[in-house]
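Note sheet for the following structure.
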Protein chains: 2
Amino acid sequence: MTKICVIGLGYVGLPILLNLSNKYKCIGYDISLNRIESLKKGRDIFKEFSKKELLKKSILYSNNLNHAANCNIFIITVPTPIYQNKKPDLSHLKDVCEKLSKKIKKKDILIFESTVYPGITNNFCIPIIEKFSKLKEGRDFFVGYSPERVNPGDKKHNLKKINKIFAYPYKFRKKEILSIYKLICKKLIITENIKEAEAAKVIENIQRDVNIGLINEIYLVCKKLNLDFKEVINLASTKWNFLKFKPGLVGGHCLPVDPYYFAHISKINNYKTKITLAGRQTNDFMEKNILIEIKNILKVHDKKNNKKVLLCGLSYKENVSDHRNSLALNIFNKLKKIKKNISGYDPMINDNLSNKLNLIISEKEFSNFDIYITLIRHNIIKKKINKLSKNKLIFNILSNI
Amino acid sequence: MTKICVIGLGYVGLPILLNLSNKYKCIGYDISLNRIESLKKGRDIFKEFSKKELLKKSILYSNNLNHAANCNIFIITVPTPIYQNKKPDLSHLKDVCEKLSKKIKKKDILIFESTVYPGITNNFCIPIIEKFSKLKEGRDFFVGYSPERVNPGDKKHNLKKINKIFAYPYKFRKKEILSIYKLICKKLIITENIKEAEAAKVIENIQRDVNIGLINEIYLVCKKLNLDFKEVINLASTKWNFLKFKPGLVGGHCLPVDPYYFAHISKINNYKTKITLAGRQTNDFMEKNILIEIKNILKVHDKKNNKKVLLCGLSYKENVSDHRNSLALNIFNKLKKIKKNISGYDPMINDNLSNKLNLIISEKEFSNFDIYITLIRHNIIKKKINKLSKNKLIFNILSNI
């Protein structure tokens with residue numbers, strides 16, 4: 001009988017688990033006891049899923065892989081971040097491979113979902129598992145790769161509505177694993193080549209990062225030249241092939257990370273990339289730049305430094321509750337150090353977290369400021385700002401093109 | 001009576017002239033006597049226009065601006081290249097402004113079309129004209145800017161089918177000049193801000209150059225990692241927002257030039273761009289890289305260096321006859337130095353020019369080679385290659401994704 005273990009219950013693993021549990025018995029494993037405890041109570045801190053969805057009988061949440069002893073399909077969605085020095089941090093992958101090597105049995109299938117550089121599945125993950133399990137991949141157990149394409153906050157392109165790449169070089173249980181994966185997306189794009197699937201995923205994010213970087217650069221140059229950025233983009237957009245990317249604070253776990261993976265493997269293979277990382281510096285620099293922009297606003301409109309200022313929208317991306325790796329939150333924390341009367345607000349972030357982050361939460365308090373500065377413009381923030389009385393000063397940072 | 005002078009009869013000026021001459025008396029001015037002589041004979045070396053179109057009675061071709069003495073509208077489409085050191089070469093603009101300053105009269109209108117950086121029309125061109133003419137812009141004569149959006153070889157987006165930005169800050173003769181410009185495009189996008197129009201144009205090309213650069217970089221890394229580039233791109237393209245740019249040899253007069261204009265004005269304004277020029281080095285490097293790729297092909301398939309090799313497609317871009325600034329042609333010239341039995345072929349380039357460039361032209365000769373290498377794949381080349389007998393070795397350089 002098919003029994004599935006999903007390893008890593010973040011924004012990638014959790015929706016996969018919930019989809020598959022409609023048909024299969026599943027174990028949801030996460031290394032974080034906190035995460036497991038709250039999921040067991042039906043609570044998703046990122047507010048994406050309801051209590052009812054989370055508390056299905058077909059799911060067992062656990063931070064102990066022993067509970068997955070009788071699973072025969074493992075889906076691995078652990079994070080692949082970078083170290084401070086920007087080198088790929090494969091420690092989570094390594095850790096999970098070591099743990100799995102002690103659990104897996106003959107005929108098991110492992111599908112990796114984490115974004116990596118081409119070669120990691122075959123040259124890094126499989127050797128670790130083989131070494132400790134004494135099993136041989138392709139004979140005893142079988143590995144595939146299906147890169148996650150979750151776009152947090154984007155309801156138009158959620159898991160069930162997208163094409164998903166699925167790389168699996170074997171015939172063994174192929175029909176079965178394909179029918180399982182078909183449950184979690186609109187269409188499967190099937191290939192046998194894991195490395196090409198790994199490359200495909202990472203270049204998607206590089207392309208976005210570079211393009212947002214370029215539009216941020218154009219935004220900064222327009223400021224320097226006293227040009228109306230929004231007007232420039234609107235004019236350029238009348239060309240049939242101009243791509244209307246938005247400038248912004250690029251945070252999160254993908255764009256600020258993935259380019260370094262590709263650059264790393266290129267360098268190892270004697271090719272120093274010149275464009276892959278071109279967006280990184282400028283996109284990171286936007287934090288400092290927006291900080292300056294806000295300081296300049298306050299210099300003009302809060303001369304006596306006695307106005308009450310509210311910074312709105314602090315998660316890492318529009319319509320997303322995740323505050324980790326958020327440049328907007330960094331900006332808030334830096335502003336707090338130089339101005340007392342400043343508060344932060346993000347209705348997407350749950351109340352507990354908001355309390356921890358020292359953000360205001362009450363509706364009453366919200367209408368009680370003199371100056372409102374919007375950073376990450378969630379739909380709900382736009383609505384609330386529009387309803388404010390007319391005597392409030394409102395500044396929308398980064399043109400909303 | 002409206003009489004129009006189009007200054008510069010290259011791939012930008014000539015189609016404007018021909019369109020306007022359907023309704024107005026026009027002077028077509030070019031600094032090159034050769035160009036004027038051949039246009040007078042109804043010959044367009046780039047084979048875009050027929051003899052009948054060129055020899056309209058409403059057009060007077062001249063390389064003497066005195067013939068434009070009674071014109072009252074001037075459209076300037078001179079080239080804006082870069083110097084060897086990559087700095088903007090404004091000498092053609094300077095020259096034409098000086099010449100015009102001695103010809104223009106009160107109430108004349110001048111529209112610039114050349115791609116520039118924001119500020120050139122107002123801060124460079126107008127001061128030159130005012131200085132020598134003793135006339136005041138905005139009072140005596142009036143200047144607008146309408147950036148050219150010609151995409152050579154692209155029949156889907158020719159002048160009559162595209163939106164065209166038109167920046168003109170005055171009311172004087174505005175209706176008239178708009179009605180004239182409406183003759184040469186599908187829709188006018190009207191603005192009063194010349195600088196924003198200048199910026200809009202130059203960033204369109206930068207965006208293309210950076211994106212092609214990135215796809216070229218991915219192509220090169222895939223080669224290094226032994227990945228099937230075409231397959232990687234096809235997989236990535238199954239994501240809803242992946243942009244399928246083609247790798248290629250970026251030549252011509254726009255992409256290799258325009259980024260330097262924007263970077264230049266940014267630097268002057270204390271912002272050193274980090275992404276604008278990111279594509280340049282890689283795109284230029286493709287010449288060397290493709291040269292190596294071809295040498296490697298010949299090492300394997302022409303071991304004794306006795307095969308007859310034909311390099312096909314040498315203009316700067318698909319379906320374009322213009323060979324100037326063509327990286328493919330550079331590659332051909334470099335290969336000739338190391339291999340005797342190599343010939344070049346481009347059916348888009350006219351026979352006279354082909355002779356000068358030492359390319360083969362006869363159909364008979366074309367089928368007489370052992371190895372065919374296609375570089376710039378014009379539609380006509382694809383057809384001809386498909387018709388070759390099956391014993392020929394054919395290599396299509398740069399995946400045709």
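The values are calculated or read from the model by the stated rules, or taken from the named source; none is laboratory data. The shown structure was predicted, so the numbers you read here are calculated from the model rather than taken from an experiment. Using ideal geometry, Cβ is built from the backbone for each residue, glycine included, and neighbour counts are taken over all protein chains shown.
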Next item on the list: Report whether or not B:Leu398 is at negative phi, surrounded by 14 or more Cβ atoms within 10 Å (Cβ to Cβ) and either within 23 Å of the chain's Cα centre (by Cα) or not in a loop (DSSP other than H, G, I, E, B) (or both).
Entry: no
Note to self: Quick test of your reading of the structure: B:Asp351 fulfils all but one of (1) within 24 Å of B:Arg43 (Cβ to Cβ); (2) touching a residue at least 12 places away in the same chain (Cβ under 8 Å). Name the failing condition by number.
What the structure shows: (2)
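Listed here are the residues, each with its yes/no results for (1) over 15 Å from A:Lys295 (Cα atoms); (2) outside the structural domain of A:Pro247 (by TED's automatic domain parsing); (3) of a type in the set (Val, Ile, Thr).
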residue: A:His323; (1), (2), (3): yes, no, no
residue: A:Asn330; (1), (2), (3): no, no, no
residue: A:Leu335; (1), (2), (3): no, no, no
residue: A:Ile338; (1), (2), (3): no, no, yes
residue: A:Asn341; (1), (2), (3): no, no, no
residue: A:Asp346; (1), (2), (3): yes, no, no
residue: A:Ile349; (1), (2), (3): yes, no, yes
residue: A:Ser354; (1), (2), (3): yes, no, no
Notebook entry, point to check: Looking at A:Asn122, A:Asn64, which is the one that is more than 30 Å from A:Lys187 (Cα to Cα) and among the polar types (S, T, N, Q)?
Noted result: A:Asn64
Note to self: For region B:250-265, give me each residue that is more than 19 Å from B:Val150 (Cα to Cα) and not hydroxyl-bearing (Ser, Thr, Tyr).
What the structure shows: B:Phe262, B:Ala263, B:His264, B:Ile265
Next item on the list: Please tell me if A:Ile206 is touching a residue at least 40 places away in the same chain (Cβ under 8 Å), hydrophobic (A, V, I, L, M, F, W, C) and either touching a strand residue (DSSP E or B) at 6+ places or on another chain (Cβ under 7 Å) or in a loop (DSSP other than H, G, I, E, B) (or both).
Entry: no
Item checked: Given (1) without any contact (Cβ under 8 Å) to a residue 24 or more places away in the chain; (2) closer than 30 Å to A:Arg43 by Cα; (3) of a type in the set (Val, Ile, Thr), index of the condition A:Val320 fails -> (1)
Next item on the list: State whether one or more residues within region B:32-43 are crowded, with 18+ Cβ neighbours inside 10 Å, farther than 21 Å from B:Glu98 by Cβ and acidic (Asp, Glu).
Entry: no
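Residues being closer than 21 Å to B:Lys303 by Cα and either of a type in the set (D, E, K, R) or assigned by TED's automatic domain parsing to the domain that holds B:Arg43 (or both): count how many of those fall in region B:356-392.
3
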Next item on the list: For A:Lys239, state whether it is within 18 Å of A:Lys317 (Cβ to Cβ), in the same structural domain as A:Ile376 (by TED's automatic domain parsing) and among the basic types (Lys, Arg).
Entry: no
Margin query: Suppose we filter region A:57-80 for residues that are surrounded by fewer than 14 Cβ atoms within 10 Å (Cβ to Cβ) and either in contact (Cβ under 8 Å) with a residue 40 or more places away in the chain or within 29 Å of A:Gly153 (Cβ to Cβ) (or both); how many remain?
Written below: 1
Note to self: Quick test for you: out of A:Tyr168, A:Tyr145, pick the one residue that is touching a Ser or Thr at 6+ places or on another chain (Cβ under 7 Å), at pLDDT 95 or above and surrounded by 22 or more Cβ atoms within 10 Å (Cβ to Cβ).
What the structure shows: A:Tyr145
Item checked: Enumeration of residues in region B:1-22 that are in contact with a strand residue (DSSP E or B) (Cβ under 8 Å, 6 or more places away or on another chain) and either of a type in the set (Val, Ile, Thr) or assigned to a loop (DSSP other than H, G, I, E, B) (or both) -> B:Met1, B:Thr2, B:Ile4, B:Val6, B:Ile7, B:Gly8, B:Leu9, B:Ile16, B:Ser21
Notebook entry, point to check: If you go through region A:299-309 one residue at a time, do you hit one that is at pLDDT 95 or above and within 26 Å of A:Lys155 (Cβ to Cβ)?
Noted result: no
Check: Can you find even one residue in region A:316-334 that is of a type in the set (D, E, K, R), modelled with pLDDT under 95 and assigned to a helix (DSSP H, G or I)?
Finding: no
Checklist line | Residues within region B:188-222 that are among the hydroxyl-bearing types (Ser, Thr, Tyr) and within 7 Å of another protein chain (Cβ to nearest Cβ), tallied | finding: 1
Check: Say we look at region B:274-287 and pick out the residues that are part of a loop (DSSP other than H, G, I, E, B) and in contact (Cβ under 8 Å) with a residue 12 or more places away in the chain; which of these is nearest to the other protein chains (Cβ to nearest Cβ)?
Finding: B:Ile275
Checklist line | In region B:165-187, residue nearest to the chain's Cα centre (by Cα) [restricted to those that are among the basic types (Lys, Arg) and more than 13 Å from chain A (Cβ to nearest Cβ)] | finding: B:Lys182
Next item on the list: Output the number of the condition that A:Leu9 fails; it satisfies all remaining conditions of (1) farther than 26 Å from A:Gly252 by Cα; (2) in contact (Cβ under 8 Å) with a residue 24 or more places away in the chain.
Entry: (1)
Note to self: I'm trying to understand the selection: among the residues of region A:358-379, which are in contact (Cβ under 8 Å) with a residue 60 or more places away in the chain and either among the hydrophobic types (A, V, I, L, M, F, W, C) or surrounded by 15 or more Cβ atoms within 10 Å (Cβ to Cβ) (or both)?
What the structure shows: A:Phe369, A:Asp370, A:Ile371, A:Tyr372, A:Ile373, A:Thr374, A:Leu375, A:Ile376, A:Arg377, A:His378
Check: What is the one condition in (1) touching a strand residue (DSSP E or B) at 6+ places or on another chain (Cβ under 8 Å); (2) surrounded by fewer than 24 Cβ atoms within 10 Å (Cβ to Cβ) that A:Lys201 does not satisfy?
Finding: (2)
Next item on the list: Taking A:Asn350 as the residue in question, decide whether it is farther than 16 Å from A:Ile385 by Cβ and either at pLDDT below 95 or among the basic types (Lys, Arg) (or both).
Entry: yes
Margin query: A:Asn158 - would you say it is over 16 Å from the mean Cα position of the chain (by Cα), surrounded by fewer than 19 Cβ atoms within 10 Å (Cβ to Cβ), polar (S, T, N, Q) and away from chain B (no Cβ under 11 Å)?
Written below: no
Check: With respect to A:Ile265, is the statement that it is more than 20 Å from the chain's Cα centre (by Cα) and either in a loop (DSSP other than H, G, I, E, B) or farther than 25 Å from A:Gly153 by Cβ (or both) true?
Finding: yes
Note to self: So the check is Cβ under 7 Å with 6+ separation or different chains; which pairs have a first residue in region A:240-261 that's more than 20 Å from A:Leu327 (Cβ to Cβ) and a second one that's not in a loop (DSSP other than H, G, I, E, B)?
What the structure shows: A:Phe242/A:Ala236; A:Phe242/B:Glu204; A:Phe242/B:Gln207; A:Leu243/A:Asn211; A:Leu243/B:Gln207; A:Lys244/A:Ile233; A:Tyr261/A:Pro88; A:Tyr261/A:Val202
Next item on the list: Tally the residues that are surrounded by 20 or more Cβ atoms within 10 Å (Cβ to Cβ), over 26 Å from B:Lys86 (Cα atoms) and more than 7 Å from chain A (Cβ to nearest Cβ), restricting the search to region B:223-257.
Entry: 2
Next item on the list: Could you grab me the full set of residues in region A:288-315 that are surrounded by 18 or more Cβ atoms within 10 Å (Cβ to Cβ), touching a strand residue (DSSP E or B) at 6+ places or on another chain (Cβ under 7 Å) and not in a helix (DSSP H, G or I)?
Entry: A:Asp302, A:Val309, A:Leu310, A:Leu311, A:Cys312, A:Gly313, A:Leu314
